[in-house]
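Note sheet for the following structure.
The values are calculated or read from the model by the stated rules, or taken from the named source; none is laboratory data. Just so you know, these numbers come straight off a predicted model, no measurement behind them. Counting neighbours? That spans all protein chains shown, and the Cβs are built from the backbone with ideal geometry, glycine included.
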């Protein structure tokens, strides 16, 4: 048991002034009371009288096997298991120090992130780490985007087997590379990597196994294909064409109507210089940060579900722990003015994940945040299920 007394709390939607007392039992928040409430003598109190507390943050798109330096994805295949473990540990520590208490890893090597997830769940990790949701190696075409992570799968039979393999490893979400990627030479970000029937098969197979599917999709054709296939989430959703970013009203409406969770993966370290591959794409197509931010704002206004994810770890411009800075620099009123109320959320989960409180202006969080459980297909969408103070549903 632990009580945290603070000057104020942020519950995900509003600031609570006048002093608060957050009561925890093991790894769960059990109540939030006024600071004046008296406690039994046996209940220890952490006095943070000059601080603000809030629920742990959730980064819905990270790569724990990536070392936060330029060329990170290229180096993953070359690490031995011990070195890879050190990279993962450092990334988790950086996330935790930034107040991130849940991460969703969307591309590892050899299911390494899932091994850490199990260690955290069993209390065997070398330090108290964030809750980990993980996809394992992303499905990709032969020599497709991030093929070196070990997720190459071709043809209907090959894809069916790959989905079954991920279910066997108890992944939380199936990720598929629907388009090429910026950092894999020889792939095209504007084109699809799979045929429509192949992507649909992956969605059908995963849903039959009670697993959600999220699709990496930069190109407009891949975004359109992913929506038609019925994916649960889309990463990046850049709607990129050879001439720039284009999101037709028809497709925007479809994204909003289907409540497909979009993670735009915005954000960057201030002053970071884009890696050469990204810089070339920006110059060729107008794939700029500002253009992507405006696109995210348009999706928000249309009622598309947006997730906070950073693509952390893939470069010096996107290191682990960048999420708080990402939110502060991309959530301007001009980009994201108020939108109509969201439709009711999906049914409640069958197995909630633990809650946490993270301190804004000082040390790291020590327990995981709340999110929807992995037992349903909605597990790709972190949402709060606990009592205040709680993180609001991603939107």
For the range 47-80: of the residues being free of Cβ contacts under 8 Å to residues at least 12 places away in the same chain and in a helix (DSSP H, G or I), which is farthest from residue 313 (Cα to Cα)?
78
Confirm whether residue 186 is over 12 Å from residue 139 (Cα atoms), free of Cβ contacts under 8 Å to residues at least 40 places away in the same chain, part of a loop (DSSP other than H, G, I, E, B) and in the same structural domain as residue 274 (by TED's automatic domain parsing).
no
Against the definition (buried (at least 23 other Cβ atoms within 10 Å of the Cβ), farther than 19 Å from residue 296 by Cα, in the same structural domain as residue 252 (by TED's automatic domain parsing) and over 19 Å from the mean Cα position of the chain (by Cα)), how does residue 202 come out, yes or no?
yes
Boolean, residue 172 is under 18 Å from the mean Cα position of the chain (by Cα), farther than 20 Å from residue 254 by Cα and part of a loop (DSSP other than H, G, I, E, B)
yes
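Listed here are the residues, each with its yes/no results for (1) touching a helix residue (DSSP H, G or I) at 6+ places or on another chain (Cβ under 9 Å); (2) closer than 28 Å to residue 308 by Cβ; (3) modelled with pLDDT of 90 or more.
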| site | (1), (2), (3) |
| --- | --- |
| 20 | no, yes, yes |
| 26 | no, yes, no |
| 31 | no, yes, no |
| 35 | no, no, no |
| 44 | no, no, yes |
| 62 | yes, yes, yes |
| 67 | yes, yes, yes |
| 71 | no, yes, yes |
Being farther than 23 Å from residue 103 by Cβ, in the same structural domain as residue 152 (by TED's automatic domain parsing) and touching a helix residue (DSSP H, G or I) at 6+ places or on another chain (Cβ under 9 Å) is true for just one of 262, 273, 213. Which residue is that?
273
Which ones in the range 230-249 are assigned to a loop (DSSP other than H, G, I, E, B) and free of Cβ contacts under 8 Å to residues at least 60 places away in the same chain?
230, 231, 242, 243, 246, 247, 248
Residue 252 is checked against (1) at pLDDT below 90; (2) assigned to a helix (DSSP H, G or I); (3) farther than 30 Å from residue 71 by Cα and fails just one. What number does that condition carry?
(1)
Taking the residues in the range 94-114 that are surrounded by 17 or more Cβ atoms within 10 Å (Cβ to Cβ) and either in a helix (DSSP H, G or I) or not assigned by TED's automatic domain parsing to the domain that holds residue 137 (or both) as candidates, determine which candidate is nearest to the chain's Cα centre (by Cα).
95
Candidate set from the range 191-221 (those that are in contact (Cβ under 8 Å) with a residue 60 or more places away in the chain and part of a loop (DSSP other than H, G, I, E, B)); member that is nearest to residue 262 (Cα to Cα):
212
